[in-house]
1. Can you give the helix-only mean residue ellipticity at 222 nm for the protein assembly as shown, where every DSSP H stretch with n ≥ 4 adds -39500 (n - 2.57) and the sum goes over all residues, rounded to the nearest 500 deg cm²/dmol?
2. In nanometres, what is the gap between the two model label sites at A:Lys15 and B:Arg251, each 7 Å from Cα along Cα-to-Cβ?
3. Ordered shortest first, which distances in nm separate the 7 Å Cα→C-beta label point of A:Glu4 from those of the other copies?
4. Can you list the lysines whose alpha carbon is less than 28 Å from that of B:Lys19, not counting same-chain residues fewer than 8 positions off?
5. With +1 on each Lys and Arg Cβ and -1 on each Asp and Glu Cβ, how big is the dipole of the range A:106-256 about its Cα centre, in debye rounded to the nearest 20?
6. Per-residue mean of other chain beta-carbon atoms within 10 angstrom of the beta-carbon, peptide A:39-50?
7. Expressed as a whole number of Å, what is the distance separating the alpha-carbon centroids of the range A:57-72 and the range A:241-256?
8. For the range B:198-325, what is the percent of antiparallel DSSP beta bridges, rounded to the nearest 5?
Protein chains: 2
Amino acid sequence: MGEEDALRFLADRFKATQKEVLTGIGDDSAVVKIRDKACLVASTDTLVEGVHFRLGTQTPRQLGRKAVCVAVSDIGAMGAVPRYLLCSLGCRSADSMEFIEDLSEGVAEGCREFDVCLIGGNLSESQTVFINMTALGEVSSDDIVLRSGASEGDDIYVTGTLGDSALGLRALSGDCGIDGCEGAVSRHIGPTPRLQVGRMVAKRGIASSMIDVSDGLFCDLEKLTSEHGLGAEVSLGSLPLSPGFLSLCGRFSEDGYRLALSGGEDYELLFTSSSQNRASIEEVSRLCGIAISKIGSVTAGGKIRLFDEGGEEVFYDTAGFEHFC
Amino acid sequence: MGEEDALRFLADRFKATQKEVLTGIGDDSAVVKIRDKACLVASTDTLVEGVHFRLGTQTPRQLGRKAVCVAVSDIGAMGAVPRYLLCSLGCRSADSMEFIEDLSEGVAEGCREFDVCLIGGNLSESQTVFINMTALGEVSSDDIVLRSGASEGDDIYVTGTLGDSALGLRALSGDCGIDGCEGAVSRHIGPTPRLQVGRMVAKRGIASSMIDVSDGLFCDLEKLTSEHGLGAEVSLGSLPLSPGFLSLCGRFSEDGYRLALSGGEDYELLFTSSSQNRASIEEVSRLCGIAISKIGSVTAGGKIRLFDEGGEEVFYDTAGFEHFC
């Protein structure tokens, strides 16, 4: 069973019928109209020990901050403003009060950084440590950006750089050591959700669809295109890769593009936009101080096609990408 | 480290400073003002395998429904109306799609029963199965009932009956078999949150404080009294015990009162009310078809004192009760 299959089943099983539920299961966050144009945005996500983190490779404080980042990123990917968090923590009874205090410090740090307030908490004993965060935010119905609004011919953009987090994870997990990979490790442990960019493209109405890159660029682009009967052409040479990634990826992967396409946990924003918005997007990039790279365009076909720098189509075993979802 | 200690630390660490957050960590649910008198109510809770349930003793469907009950009960205990749920499920990759489908059936059943809508979902791989539910509800600021409003002299009431769920859990866990305990087992596996009673006492403004009994009557009464510098006198003979409980509790415990006081997971409502509201409370009981029993009264002292049917004070090792919290 893949997570995607199960989520599709759940989205279908729990199709919202209430008219005030504008978006239910199946987007980054749910959107519920609360009055006039004011909408409540809600999302839930869990970091699980052994799956999303190992306790030895980061401090509880770093983990607490990351849980906040992951939660607010989903709210930002709707063009919304995150406001409140509820946290359910599962830990072994042997975990000390110090663990909870350190983790709380990290949560508090994330709350200050992204101007959100933790309003609810729950603590359970669990053999597997987990941190569930539910994030609540607000948005005007005019500003909501869904996963489903892309059109044929739209440009495809991604913020920041891709693959650093995946490289950082490999450096932490592997036996090559992390020498020289500190930057990538820090991207993995301490991601930066692109809240300001998300908010600005939403307010300007220039993103036709948007998602945060958590499962890897390829998988997440499928959610904006293939899942809605559209396709995409992506130029591998346009993928934004950091100098650190380019100099180090060979140590962990024979193919840096593969790592950047499928690594995941980038927490960058991936969005589509009509080509008439190019100047506006350049302005958003300048105002936010974040690179926003055009990596391809939306096509009519239901497939994502990848092209190398010479314009030749490249065929990856994308089933291998799905495995990371 | 006790859960209560850790939650007190978190409530203190994350004291909400925003004026729109009427109640943060430390009550059954958080309450946030969204406009005029309209408030959003939010709560998060997790059921963890091996702690809150064992997979062999109930079906995934029963578990899904119970997770909904536990979530909406927290909203109801504020006098609020539950509206939306977000569910984060952690399960082993070996757990079949059938497990997820069955669990979803139970969640859907609970959603229909309590008129709530699942708007968000997340699925993670986890060695320990867990089901986290975040419930969102609505309430007018006029109707909110907190844990903190009791006064000396108030009557103490509890709905339904106590101890059945704890007895059911013992029947499921022990080696005495469940013969004759089917009713208690079904209370444990399929609780009934008292949403209608909670809503009605809130609308009438007759509950000065309220909580749902999840950690056991004694622990939860402490949260309404001792934690606010008050005490309580409880008459053991007034505790509402079902005929089934009375006939069976001797099989599992030498002292039925102890089981009813500390067993937990009753999901009944415990509330305090001025003695002038007695007729109104009788009417609520009649209208809802649910027994509401007066079990004692709030006192000035910071302790909970228990009295037997002859009026003699009974001294329990209440540290043993805390153990169940």
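The values are calculated or read from the model by the stated rules, or taken from the named source; none is laboratory data. Only a predicted model underlies this, so the values are computations on that prediction, with no experimental measurement involved. With ideal geometry, Cβ positions are generated from the backbone for all residues, glycine too; neighbour counts draw on all protein chains shown. Heads up: the accessible areas ignore ligands, DNA and RNA and are worked out on the full protein's heavy atoms, side chains in. Shrake-Rupley method; radii C 1.70, N 1.55, O 1.52, S 1.80 Å.
1. On the way: 22 runs with 222 residues, N = 650.
After summing the helix terms and dividing by residue count, I get -10000 deg cm²/dmol.
2. My value for the distance between the label points is 4.7 nm.
3. Sorted ascending, the copy-to-copy spacings read 4.9 nm.
4. Partners found: A:Lys33, A:Lys37, A:Lys66, A:Lys203, B:Lys33, B:Lys37, B:Lys203, B:Lys223.
5. In total the dipole reaches around 300 debye.
6. For this peptide, the per-residue mean of nearby foreign Cβ atoms is 5.
7. 25
8. Numbers: 10 of 14 bridges.
Of all bridge pairs located within the range B:198-325, approximately 70 percent are antiparallel.
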